[in-house]
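Student: One structure is given below, represented as structure tokens, and several questions about it will come after.
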Amino acid sequence: MRTDGASTAKGRRAGGAWRGLLYALRLRCPYCGRGRLTRSWFVLREACEVCRLRFERGEQDDYWLGAYTLNFIVTEVFFALILTAVLVATWPNPPWTAIIVVGVVQMCVTPILFYPYAKALWLAIDLIFRRVQPDDFR
Ligand SMILES: [Zn+2]
């Protein structure tokens, strides 16, 4: 039996929007928490297999710009934390060559590892600020 999105929306508990962030961190649908969000590491499903929420909520091509920005911020903050820890631990003779090599590797790997989480979190944030509408369901 197919779940009707509108009836699911009515049955949603209070505070669910914030709970969506936790669901997103588990790569689950930020709306119902049960459907899987991704088909593979780099491919998002078109819609939730349980509640039928479409994951592409924006009509414009730049809908995922927020996810890319979030991914960029996480990568930069992670680098800043690593850099600060290494500088504090090794001052006054920081290993600059190692810092550069590790920094380059970290800047390449972190966005890849965080990619699906950035999209999931962006969708959850979007659901907090833009309530679901009947049109959001397939
Ligand atoms: Zn769902």
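The values are calculated or read from the model by the stated rules, or taken from the named source; none is laboratory data. In this text the structure is predicted, and so the values were computed from the model without any measurement. Note that each Cβ is placed from the backbone with ideal geometry, even for glycine, and that neighbours are counted across all protein chains shown.
Student: In the list Gln133, Gln106, Gln60, which residue meets the criterion of being surrounded by 15 or more Cβ atoms within 10 Å (Cβ to Cβ) and either at pLDDT below 95 or not aliphatic (A, V, I, L, M) (or both)? Explain how you work it out, then say what you get.
Tutor: Numbers: Gln133 fails: surrounded by 15 or more Cβ atoms within 10 Å (Cβ to Cβ); Gln60 fails: surrounded by 15 or more Cβ atoms within 10 Å (Cβ to Cβ).
Among Gln133, Gln106, Gln60, only Gln106 is surrounded by 15 or more Cβ atoms within 10 Å (Cβ to Cβ) and either at pLDDT below 95 or not aliphatic (A, V, I, L, M) (or both).
Student: Condition check: within 12 Å of the chain's Cα centre (by Cα) and more than 16 Å from the ligand (Cβ to nearest atom). Does Thr69 satisfy that?
Tutor: Against the criterion (within 12 Å of the chain's Cα centre (by Cα) and more than 16 Å from the ligand (Cβ to nearest atom)), Thr69 qualifies.
Student: Further question: Taking segment 18-44, which residues are more than 10 Å from the ligand (Cβ to nearest atom) and part of a loop (DSSP other than H, G, I, E, B)?
Tutor: Arg26, Leu27, Arg39, Ser40, Trp41, Phe42, Val43
Student: On to the next question. Can you tell me which condition Ala124 does not meet? The list is (1) among the small types (Gly, Ala, Ser); (2) farther than 26 Å from Arg19 by Cβ; (3) within 16 Å of the ligand (Cβ to nearest atom), and all the others hold.
Tutor: With respect to (1) among the small types (Gly, Ala, Ser); (2) farther than 26 Å from Arg19 by Cβ; (3) within 16 Å of the ligand (Cβ to nearest atom), Ala124 is out only on (2).
Student: So which residues in segment 45-62 are touching a helix residue (DSSP H, G or I) at 6+ places or on another chain (Cβ under 7 Å) and outside any loop (DSSP other than H, G, I, E, B), if there are any at all?
Tutor: Leu53, Arg54
Student: For segment 40-64, give me each residue that is out of contact with any Phe, Trp or Tyr (no Cβ under 9 Å at 6 or more places or on another chain) and within 14 Å of Leu121 (Cβ to Cβ).
Tutor: Phe55
Student: Output the residue which, of all residues in segment 109-130 that are in contact (Cβ under 8 Å) with a residue 24 or more places away in the chain and aromatic (Phe, Trp, Tyr), is surrounded by the most Cβ atoms within 10 Å (Cβ to Cβ).
Tutor: Trp122
Student: In segment 1-17, which residues are modelled with pLDDT under 50 and either assigned to a helix (DSSP H, G or I) or within 14 Å of Trp122 (Cβ to Cβ) (or both)?
Tutor: Gly5, Ala6, Ser7, Thr8, Ala9, Lys10
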